[in-house]
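As structure tokens, the structure follows; a few thoughts come after it.
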Amino acid sequence: GGGGGGGGGGEVACHLGARTTYQRRKPDVACWVRDDARLVVSGEACACTRDDYECDFGFVAQGEGCKRDADDSYAPREEGTSADACRSAGGDYDEWRESRGYRRVPGDTCKPINTDAYEPVVHACPPP
């Protein structure tokens, strides 16, 4: 996810939110490489893109996005249920999150920059 590339220009593509550069050995040289030889040269987090997200529970892929699945019994919280969501949490939280239909792929380490379209909407809990 995050960033593409990998083609010409030497840019290394991102995978699960990280860009990792490895040292390659010359294929035509017969050499012995120790097991503890470090082959990773650098690693950095990439900015999140659509590729770093999958459809959240209760949503299905449709075109380039994720839409609510009308046939799914899982019902994501809707606007207006904040009081219920906060009460069901035992009053230990001061906010609740409403899915926009996406969730970050498990294990993805991308940096959430300009990801408002994918990250959940945060709602404040009403006073008790």
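The values are calculated or read from the model by the stated rules, or taken from the named source; none is laboratory data. Keep in mind that this is a model prediction, so the values were computed, not measured. Methodologically, a virtual Cβ is constructed for each residue, glycine included, from the backbone with ideal geometry; neighbour enumeration extends over all protein chains shown. Surface areas here come from the heavy atoms of the whole protein model, side chains and all, with no ligands, DNA or RNA. Shrake-Rupley method; radii C 1.70, N 1.55, O 1.52, S 1.80 Å.
State the number of residues belonging to segment 104-128 that are basic (Lys, Arg) and either in a loop (DSSP other than H, G, I, E, B) or under 17 Å from Asp56 (Cα atoms) (or both).
Going through segment 104-128, the residues basic (Lys, Arg) turn out to be 104, 111.
Now narrow it down to the ones that are either in a loop (DSSP other than H, G, I, E, B) or under 17 Å from Asp56 (Cα atoms) (or both): 104.
Result for segment 104-128: 1.
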Do we find that Glu44 is surrounded by fewer than 17 Cβ atoms within 10 Å (Cβ to Cβ), closer than 28 Å to Pro120 by Cβ, acidic (Asp, Glu) and at pLDDT below 65 in this structure? no
Looking at (1) open to solvent by less than 70 Å² (accessible area, probe 1.4 Å); (2) of a type in the set (Val, Ile, Thr); (3) modelled with pLDDT of 90 or more, can you tell me which one Thr109 breaks? (1)
For Asp28, are the conditions met, namely being outside any strand (DSSP E or B) and either touching an Asp or Glu at 6+ places or on another chain (Cβ under 6 Å) or modelled with pLDDT of 90 or more (or both)? no
